[in-house]
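Scroll down for the structure; my scribbles are underneath it.
The values are calculated or read from the model by the stated rules, or taken from the named source; none is laboratory data. Keep in mind it's a predicted model, so treat the numbers as computed, not measured. Here Cβ is always computed from backbone atoms with ideal geometry, including for glycine, and neighbour counts include all displayed protein chains. Accessible surface areas use protein heavy atoms only, side chains included; no ligands, DNA or RNA. Shrake-Rupley method; radii C 1.70, N 1.55, O 1.52, S 1.80 Å.
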Amino acid sequence: MTEDIVVVGGGTGGTVLANRLAEKLGPAIDAGDASVTVINDGEHQHYKPAYLYVPFGKKTVEEAKRPLSDLLDRRVDLRVDRVTEIDTDDKAVALEGGESLAYDHLVLATGANLDPDAVPGLTEGGHHFYGPEGAESLRDELADFEEGHLVLSVIGVPHMCPAAPLEFVFMADDWLRKRGLREDVEITYTYPIQRAHGLESIADWATPKLDERDITLETFFNAEAVDPDEGVLETMEGNELEYDLLVAIPPHTASDLVSEAGLGDTWVEVDRATLEAEHAEDVYAIGDVADVPTSKAGSVAHYEAGVVADRIASRVRGETPTSVYEGKTVCFIETGMDEATFVEFGYGSEPTMREPSKPVHWAKLGYNESYWLTARGLL
């Protein structure tokens, strides 16, 4: 009897997971005793961290994508289709093309979706760098922006890559200085709680650096609406902030599949150690869609994928799973156009902050280039 493993989503987590399973279960797959299928709604994988560099002309959106067929092990079946329904009782997923696919083990790696329409006026009045169209549009705006008020407002929490908003203002400050425009541009960074970042150690590190760069910090700033005609950001607290260029981190949400399948109100509710869904058997979630107490970052999806691959492979082989995820997260943080630092932490721990340096910046750029080898399982 074949053990069918279905992975929904071909991003970092889904790709790493599928390739790890192909490696661990290779003989079983070759013998027809196991199968691994990835279902993705497009033919390409998009490496989202690269979009941070597009507005500054350091990357193109084409450099941030690869065909999934080039990234997946030959033993993995790739289905380019959209899942429209998950039936956890009958253990099957329905596809937009009309087919139903049964599973013995299901992994959701569907990521997070941007929801700018949740904030009135944000779609019309704001820019972002969390997708190809948004990053290109922001690049075009920045190219002609020589004076005025640049506001980066973190509206949606939690959001993908929690350090990226800080990275953007540090990079924008440096980029404008190198172009001789910084004196004519005011920069403001807003965050919805009473510090500059969700992690206290990062907030304590970033606050004096923002001050040194003459970047205004507004905390406990909860944006409620945008007036694109007047260039005004309105808050729940009754305040207003005028802008000439608004870069906003929109609210994030999960696929409707999650709530419709009863797996959670927004994100999939999972055991934080095993990544097993709390409301269904033989269902897992990894990456941004999983409700775990750590960052929605690519490294999280990567480490979670390894754990879930181990656990599913053990079950297929009739063994007791022992691998657990301890919240390991590793993030680079750009502090300008040519310096960066990095953090590493797990559940219940705060990262130790290190002084930025050029070598770490180049290490980040090097990883961005080698990421595709990582996704293939070659690193």
Flagged in the stretch 62-88 as of a type in the set (A, V, I, L, M) and modelled with pLDDT of 95 or more, in numbering order, are 68, 71, 72, 76, 78, 80, 83, 86
Going through the stretch 135-157 in order, the residues found to be closer than 19 Å to residue 189 by Cα and either assigned to a helix (DSSP H, G or I) or at pLDDT below 95 (or both) are 135, 138, 139, 141, 142, 156, 157
Residue set 261, 248, 225; condition open to solvent by less than 50 Å² (accessible area, probe 1.4 Å) and closer than 30 Å to residue 94 by Cβ; output residue 261
Across the stretch 318-364, the tally of residues that are charged (D, E, K, R) and either exposed (fewer than 15 other Cβ atoms within 10 Å of the Cβ) or in a helix (DSSP H, G or I) (or both) stands at 8
Residue hits (the stretch 194-215; outside any helix (DSSP H, G or I) and exposed (fewer than 15 other Cβ atoms within 10 Å of the Cβ)) are 194, 214
> With respect to residue 299, is the statement that it is open to solvent by 30 Å² or more (accessible area, probe 1.4 Å) and of a type in the set (S, T, N, Q) true?
Replying inline: no
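Per-residue answers, yes or no, for (1) more than 30 Å from residue 247 (Cβ to Cβ); (2) free of Cβ contacts under 8 Å to residues at least 24 places away in the same chain; (3) exposed (fewer than 15 other Cβ atoms within 10 Å of the Cβ):
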{"position": "35", "(1), (2), (3)": "yes, no, no"}
{"position": "38", "(1), (2), (3)": "yes, no, no"}
{"position": "50", "(1), (2), (3)": "no, no, no"}
{"position": "62", "(1), (2), (3)": "no, yes, yes"}
Note on residue 237: of the conditions (1) touching a His at 6+ places or on another chain (Cβ under 9 Å); (2) modelled with pLDDT under 95, unmet is (1)
When the stretch 60-78 is checked residue by residue, the ones that are over 16 Å from residue 374 (Cβ atoms) and part of a loop (DSSP other than H, G, I, E, B) are 60, 74, 75
- Query: Would it be correct to say that residue 262 is in contact (Cβ under 8 Å) with a residue 12 or more places away in the chain and part of a loop (DSSP other than H, G, I, E, B)?
  - Reply: yes
Within the stretch 116-146, the residues that are free of Cβ contacts under 8 Å to residues at least 40 places away in the same chain and open to solvent by 60 Å² or more (accessible area, probe 1.4 Å) are 117, 123, 133, 140, 144, 146
Of (1) over 17 Å from residue 338 (Cα atoms); (2) open to solvent by less than 50 Å² (accessible area, probe 1.4 Å), residue 186 satisfies every one except (2)
Of the residues in the stretch 173-198, those that are touching a helix residue (DSSP H, G or I) at 6+ places or on another chain (Cβ under 8 Å) and among the hydrophobic types (A, V, I, L, M, F, W, C) come to 175, 176, 185, 187, 196
| query | Has the stretch 356-363 got at least one residue that is aromatic (Phe, Trp, Tyr), modelled with pLDDT of 90 or more and closer than 26 Å to residue 275 by Cα? | reply | no
For residue 168, are the conditions met, namely being outside any strand (DSSP E or B) and under 20 Å from the mean Cα position of the chain (by Cα)?
yes
Being hydroxyl-bearing (Ser, Thr, Tyr), closer than 30 Å to residue 376 by Cβ and assigned to a loop (DSSP other than H, G, I, E, B) is the requirement here; does residue 84 meet it? no
